[in-house]
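Novice: Below you will find the structure I want to go over with you.
Nothing in this text is a laboratory measurement; each read-out follows from the coordinates by a stated rule. Quick caveat: nothing in here was measured; it's all calculated off a predicted structure. Quick reminder, even Gly has a Cβ in these numbers, built from the backbone with ideal geometry, and neighbours come from all protein chains shown.
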Amino acid sequence: MNHSQTEIVTDFEVRSLDTMCINESEQQHPWWYNFKYLAVGILFGIVFVKAEIISWFRMQEMFRFQSFHMYGVIGTAVVVAAISIALIKKFKVQTIHGEDIHFTPKKFNKGQIIGGLIFGLGWALTGACPGPIFAQIGMGITVMIVVLLSAIAGTWVYGYFRDRLPH
Amino acid sequence: MKEFLQQPWPWYVAGALIGLIVPILLLLGNKHFGISANLRHACAACFPAGINFFQYNWKKESWNLFFVGGILIGAMIAAFGIPDPNPILVHPELVNELKDYGITDYSSMVPTELVSWDSFFSARGLVMMIGGGFLVGFGSRYAGGCTSGHAIMGLANLQWPSLVATCCFMAGGFLMANLILPFIMKL
């Protein structure tokens, strides 16, 4: 028991390294429970395409201040999400499985500056951040599979050199 | 109804729906919105190679792989089920600029002259797809998240490191789009 307890803690520590998005749930569910996240993803994919958020042209407009569209999308999303999170915290809302909802504060490190700049360069070049890459593949732009594989390679190279990079 | 859905959706509808994904994921099972982590899970699952950063139980995060699988299916439904028959409307200044680079096709979400299997063996196509993809993967993990994790989830949770990251995303984007991209286009 004690042994497995420590193992869970260290695994969580590794999983939460350099990432915003971690599974905070301690509950165990059968694998098919994950289909609810597939359903949310489908909604997201439809919005991506219909609001042209995955368009290379919309990204170029955004970075040239030629269109308000993307600023409007991201701004509205942040406001709606912020109000939701504030309500969840204020009323201590639980998950549908009766678990408390946790938030982990993010520590600052130099990676957010250096890595952020590198990501920005790639974002404007490919016109896609990681989510839209999946959406573009889905809508039949199969060459984006190359971009996805290259992005996975970039992540791997980061992991390989992580200890030697300034953080 | 179908025609109504086919036209491009306005920013406030899209923004509100994306914003709602954050509480939905939290309520469904304490999951934090963030997509670039999947690239790491792919490394952890397929080629961990003894690297510490990839030594964790990625199966615990498999919900996120289902989530991106859903994005792929959703995009397929939107593109083939309720397609917008019209070419994408782009700012005239951008149209002018892109014409100089030989980009005139607005039928797809990406410029087909740059991002296609045909341009895969051209210098600029290669730089854009292989180079751009690499920067996205490397940079997002180095920064600890991408647009979803930092710019939406992080900002909404009032994390100031996420504000730093978001500002740097934008700075990198301005730099690329206005100063570096013109040179890449001439390759």
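Novice: Output the 0 to 90 degree angle, nearest 10, between the alpha-carbon long axis of helix A:2-15 and the longest principal axis computed from the alpha carbons of chain A.
Specialist: Taking the Cα atoms of chain A, the angle to A:2-15 is about 10 degrees.
Novice: In whole Å, how far is the Cα centre of segment A:109-129 from that of segment A:48-107?
Specialist: 18 Å
Novice: Using the alpha-carbon centroid of each, what span in Å lies between segment A:26-40 and segment B:89-104?
Specialist: 44 Å
Novice: By how many degrees, between 0 and 90 and to the nearest 10, does the Cα long axis of helix A:144-161 differ from the longest principal axis of chain A?
Specialist: Taking Cα atoms only, the helix is inclined about 50 degrees.
Novice: Calculate, axis by axis, the spread of Cα positions in segment A:86-129 along the three principal axes, and write the results as whole Å, longest axis first.
Specialist: In descending order, the Cα extents are 43, 24, 17 Å.
Novice: Percent of Cα-Cα pairs per 10 Å bin, from 0 to the last occupied bin, for segment B:1-83, please list those.
Specialist: Here the calculated profile for segment B:1-83 is 15, 36, 29, 15, 5, 0.
Novice: Another question, then. Local charge sum around B:SER119 (other residues, Cβ-Cβ under 13 Å, Lys/Arg +1, Asp/Glu -1)? Write down the numbers at each step before the final one.
Specialist: On the way: positive: B:ARG124; negative: B:ASP105, B:GLU113, B:ASP118.
Taking every other residue near B:SER119 into account, the sum is -2.
Novice: Going by Cα centres, segment B:10-39 and segment B:110-178 are how many Å apart?
Specialist: For segment B:10-39 versus segment B:110-178, the Cα centre distance is 19 Å.
Novice: Which pairs, out of A:LYS36/A:LYS92; A:LYS50/A:LYS106; A:LYS110/B:LYS31; A:LYS90/B:LYS59; A:LYS106/B:LYS31; A:LYS89/B:LYS59, put more than 24 Å between their alpha-carbon atoms?
Specialist: A:LYS50/A:LYS106; A:LYS110/B:LYS31; A:LYS90/B:LYS59; A:LYS89/B:LYS59
Novice: Could I ask something else about it? Just the Kirkwood number for the protein assembly as shown, please: inverse of mean 1/r across all distinct Cα pairs, in Å, one decimal. Could the numbers behind the result be given before it?
Specialist: Numbers: mean 1/r = 0.0493 Å⁻¹.
With all distinct Cα pairs of the protein assembly as shown included, I get 20.3 Å.
Novice: Give the long-range amide H neighbours of B:LYS31: residues separated by 5 or more places, or on another chain, with amide H under 5 Å away, using H modelled in the peptide plane at 1.01 Å from N.
Specialist: Here the answer is B:LEU26, since their amide H atoms fall under 5 Å of that of B:LYS31.
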